[in-house]
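Asks: Next up is a structure, given as structure tokens.
The values are calculated or read from the model by the stated rules, or taken from the named source; none is laboratory data. Values in this document were obtained by computation on a predicted structure and should not be read as measured data. Cβ placement follows ideal geometry from the backbone for every residue including glycine, while neighbour counts extend to all protein chains displayed.
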Amino acid sequence: MTTILPPPSAVQSIMEHVPIGVVGFDAHLKVVGASRHATAMLDFTERDLVGISLHDAIANALGTEAAQNLGIHAAAVIKSGKPTAWNSCRLTAGGGQRFVDWEVRPMEIAGGKGALLTLIDVTEREQAKMTITATEKSLRLFSEAVLDHALIMTDIRGRIMDCNAGAAMITGFPKEELVGQPISLIYTRDDTVAGVPEQEWRTAASEGNVSHTRWHERKDGGRYFAHGIITAHVHPDERPSFTVAFRDTTEAVRQAERLERVSAERKEAIETLTTENANLQQFASVASHDMQEPLRMVTSYLTMLRSRYSGNLDVKASEYIEIAIDGAQRMGRLIRSLLDIARIDHGDVALQEVSADLAFEEAQKNLQQVVSEASAIVECGGLGAVYADKDMLIRLFQNLLGNALKYVAKGQRPRVQVDAIDQSAMRAIRIKDNGIGVSLADQARIFDAFERVHGRGEYSGTGLGLAICKGIVQRHGGTLTIESEPGRGSTFIITLPRKPAG
């Protein structure tokens with residue numbers, strides 16, 4: 001560096017190592033010296049820089065017009081003895097671009113008037129500012145595009161400084177009516193009187209943010225339910241501001257209220273139906289029990305009539321007696337089935353570990369005559385143990401096996417295969433037959449009481465057998481389903497617990 005009133009070596013060393021450019025010039029605005037950093041910033045060597053005009057020294061980096069203005073200010077500094085400065089000037093040199101802060105201070109140069117021009121590289125600061133500006137612009141565009149969220153900025157007192165279009169849309173206040181107003185403008189009167197806005201702002205200031213979920217009030221007096229968050233921001237000047245972001249969730253709240261009402265109504269309806277069903281079951285049980293005795297009497301006297309007067313009646317009278325006896329017997333079976341349903345739904349269940357193989361064997365023994373008459377093939381094995389009521393399990397197997405033997409095509413030999421597989425905590429028992437099958441349309445209703453897919457003239461029955469099976473399985477916490485195609489047989493799948501629940 002060319003010295004200006006030769007400084008001590010220590011000062012010269014500092015000038016060379018501090019990242020500040022320094023250019024000295026005399027009263028004629030001629031460069032008399034420059035630091036290493038200054039020559040780098042201005043894209044000159046020190047030899048080329050010393051002796052040229054200040055204008056020529058900086059014109060290449062700053063531009064002709066800016067160099068002329070700097071020359072005017074530099075001359076004024078030398079004349080007045082008062083320093084001057086500029087912030088963030090764009091400087092182009094060496095194929096790059098940077099930003100510098102300039103300052104010109106008066107100084108004696110070799111016994112005469114002169115000045116020092118200092119250049120401080122603030123490129124990183126300006127780039128950061130540009131990044132922040134671009135980010136703020138992007139955020140502004142984003143916030144204006146988001147119409148289903150309100151974004152409001154307030155000062156520390158809760159006075160609105162800015163907001164997006166979504167805030168105006170949700171609150172009903174135009175932006176110009178929101179800005180400058182206290183945030184309590186959008187709170188309900190009750191919350192405002194209770195000091196809720198002030199409390200939320202204090203909490204956000206102390207904890208950084210606070211969530212709020214509450215009713216707010218629109219300009220027209222209507223209310224909306226909002227869920228949002230208030231966030232405190234501390235700026236470099238230490239003046240905090242707050243961002244309020246919330247969304248109108250009124251429809252979701254209304255929907256939840258509607259669902260709650262529907263749920264309550266459904267619960268009440270279920271309780272009513274449960275009570276009515278219990279009453280109906282009790283009535284069916286009592287009625288069925290009370291009807292058995294007179295029915296037994298009717299059947300007994302009809303049988304006696306047939307036995308005692310069989311030779312004295314004509315063919316038509318004998319036919320009528322047979323029809324009456326058959327009807328009484330069918331009614332007896334129906335009454336017993338109704339009693340079974342009542343017992344299954346409301347009777348005690350003696351749950352224990354039961355061998356499904358032995359239970360099926362017992363059911364098969366009960367149907368041995370039917371099996372023999374039909375020359376049926378029944379294959380069963382490896383069913384394992386289930387947690388069930390033994391008598392109910394036997395009845396379940398008996399009903400399903402009885403159906404498999406009954407619903408076969410005329411002249412066909414019944415074949416029934418029974419096996420089981422484990423399904424987690426349940427055991428799935430499959431009863432497969434080669435019967436007439438069930439169409440997909442009918443499969444949904446065959447487990448309902450009194451539902452008959454086939455007419456009574458084709459196959460006898462009460463229409464309650466599968467309903468009883470379904471009730472038994474449900475009392476055990478299991479399921480009963482069917483896989484079937486017409487003419488290709490059916491597979492009934494029973495799932496029952498292998499162990500006690502829990």
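Asks: So if I check each of GLN97, GLN127, which one is in a strand (DSSP E or B) and either among the aliphatic types (A, V, I, L, M) or modelled with pLDDT under 80 (or both)?
Replies: That would be GLN97, the only listed residue that is in a strand (DSSP E or B) and either among the aliphatic types (A, V, I, L, M) or modelled with pLDDT under 80 (or both).
Asks: Same structure, new question: Might you check whether a residue that is surrounded by 19 or more Cβ atoms within 10 Å (Cβ to Cβ), assigned by TED's automatic domain parsing to the domain that holds GLY21 and assigned to a strand (DSSP E or B) occurs anywhere in segment 43-64?
Replies: no
Asks: Same structure again: Just give me the residues in segment 420-447 being within 12 Å of LEU466 (Cβ to Cβ) and either in contact with an Asp or Glu (Cβ under 6 Å, 6 or more places away or on another chain) or of a type in the set (Lys, Arg) (or both), in sequence order.
Replies: ARG445
Asks: Moving on to the next point. Among the residues that make up segment 422-445, is at least one of them in the same structural domain as CYS469 (by TED's automatic domain parsing), surrounded by fewer than 20 Cβ atoms within 10 Å (Cβ to Cβ), basic (Lys, Arg) and modelled with pLDDT under 85?
Replies: Scanning segment 422-445 turns up at least one residue that is in the same structural domain as CYS469 (by TED's automatic domain parsing), surrounded by fewer than 20 Cβ atoms within 10 Å (Cβ to Cβ), basic (Lys, Arg) and modelled with pLDDT under 85.
Asks: Anything in segment 196-218 that is in contact with a helix residue (DSSP H, G or I) (Cβ under 9 Å, 6 or more places away or on another chain) and outside any helix (DSSP H, G or I)? List them, or say none.
Replies: ASN209, VAL210, HIS212, ARG214, TRP215, HIS216, GLU217, ARG218
Asks: Out of segment 166-195, which residues are hydrophobic (A, V, I, L, M, F, W, C), surrounded by 14 or more Cβ atoms within 10 Å (Cβ to Cβ) and more than 28 Å from the chain's Cα centre (by Cα)?
Replies: Across segment 166-195, the qualifying residues are ALA168, PHE173, LEU178, VAL179, ILE183, LEU185, ILE186.
Asks: Go through LEU383, LEU367 for me and flag whichever is of a type outside the set (Asp, Glu), surrounded by 14 or more Cβ atoms within 10 Å (Cβ to Cβ), under 17 Å from ASP433 (Cβ atoms) and free of Cβ contacts under 8 Å to residues at least 40 places away in the same chain.
Replies: Within the list LEU383, LEU367, the selection yields LEU367.
Asks: Taking into account only those residues within segment 436-449 that are in contact (Cβ under 8 Å) with a residue 12 or more places away in the chain and under 18 Å from ILE494 (Cα atoms), which is farthest from the chain's Cα centre (by Cα)?
Replies: GLY437
Asks: Another question, if that's okay. Please go through segment 268-309 and pick out each residue that is modelled with pLDDT of 80 or more, touching a helix residue (DSSP H, G or I) at 6+ places or on another chain (Cβ under 7 Å) and under 18 Å from MET331 (Cα atoms).
Replies: Within segment 268-309, LEU302, THR303 meet the criteria.
Asks: Can you tell me which residue in segment 463-482 is nearest to ASP391 (Cα to Cα), limited to those that are within 35 Å of the chain's Cα centre (by Cα), not basic (Lys, Arg) and not in a loop (DSSP other than H, G, I, E, B)?
Replies: VAL473
Asks: Scan segment 374-392 for residues that are among the aliphatic types (A, V, I, L, M) and out of contact with any strand residue (DSSP E or B) (no Cβ under 6 Å at 6 or more places or on another chain) and report the count.
Replies: 3
Asks: Can I ask one more? Go through ASP155, ASP162 for me and flag whichever is assigned by TED's automatic domain parsing to the domain that holds ILE229, in contact (Cβ under 8 Å) with a residue 60 or more places away in the chain and more than 32 Å from the chain's Cα centre (by Cα).
Replies: Answer to the selection: ASP155.
Asks: Here's something else I'd like to know. If I go through segment 202-222 residue by residue, how many of them are more than 28 Å from the chain's Cα centre (by Cα), surrounded by 13 or more Cβ atoms within 10 Å (Cβ to Cβ), more than 16 Å from THR243 (Cα to Cα) and without any contact (Cβ under 8 Å) to a residue 40 or more places away in the chain?
Replies: Of the residues in segment 202-222, 1 are more than 28 Å from the chain's Cα centre (by Cα), surrounded by 13 or more Cβ atoms within 10 Å (Cβ to Cβ), more than 16 Å from THR243 (Cα to Cα) and without any contact (Cβ under 8 Å) to a residue 40 or more places away in the chain.
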